Amino acid sequence: MAFKPVALALGILIASTGHGAYARSAPRQRCAAIKLNASGRRIAGEMGCYATARARGRAVDPRCLVKVQNKADEAINKAGSACPGTQSQLDRTIAQCVDRLRADTPGTGNCAAAGARVSGKRARLEL
């Protein structure tokens, strides 16, 4: 699937770095888990916005995209800097992933909408 390289890029970007005792790495691991979870939720959420638009045969509602992005950005910023991956870095990577998923599920109508929604959910599970 097209989202495998992007999921790998997200994983590498957020992966914990450094060595040391578990106690020192635990905050890094929590930070990375929060950022991965937020990224996956954002991908699924944006694909849900596009799925709704495709089902209705309309352009995507920018309010839907902004709502999803704001929620993910809040979680990413709250995770802090204990692990790699800034909000702007993740925004670019997530946008690339969503663009690839949208390209993999073209068209309008219920079938295209279902494909877009499932692609987003699957991408979230891959992270």
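Its Cα centre serving as origin, the stretch 54-105 has a Cβ charge dipole (Lys and Arg +1, Asp and Glu -1) of approximately 280 debye. Simple spin-label estimate for Thr52 and Ser88 gives 3.0 nm between the two label positions (7 Å along the Cα-to-Cβ direction from each Cα). Solvent exposure of the stretch 24-91, expressed per residue, is 54 Å² of accessible area, with all protein chains present and a 1.4 angstrom probe. Ordered from largest to smallest accessible area (heavy atoms of protein chains, 1.4 Å probe), the residues Glu46, Glu126, Glu74 come out as Glu74, Glu126, Glu46.
The values are calculated or read from the model by the stated rules, or taken from the named source; none is laboratory data. If you're wondering where the values come from, they're calculated on a predicted model, not measured in any experiment. Neighbour counts are summed over all protein chains in view; Cβ atoms, including those assigned to glycine, are modelled from backbone coordinates with ideal geometry. SASA here: full protein model, heavy atoms, side chains in, ligands and nucleic acids out. Shrake-Rupley method; radii C 1.70, N 1.55, O 1.52, S 1.80 Å.
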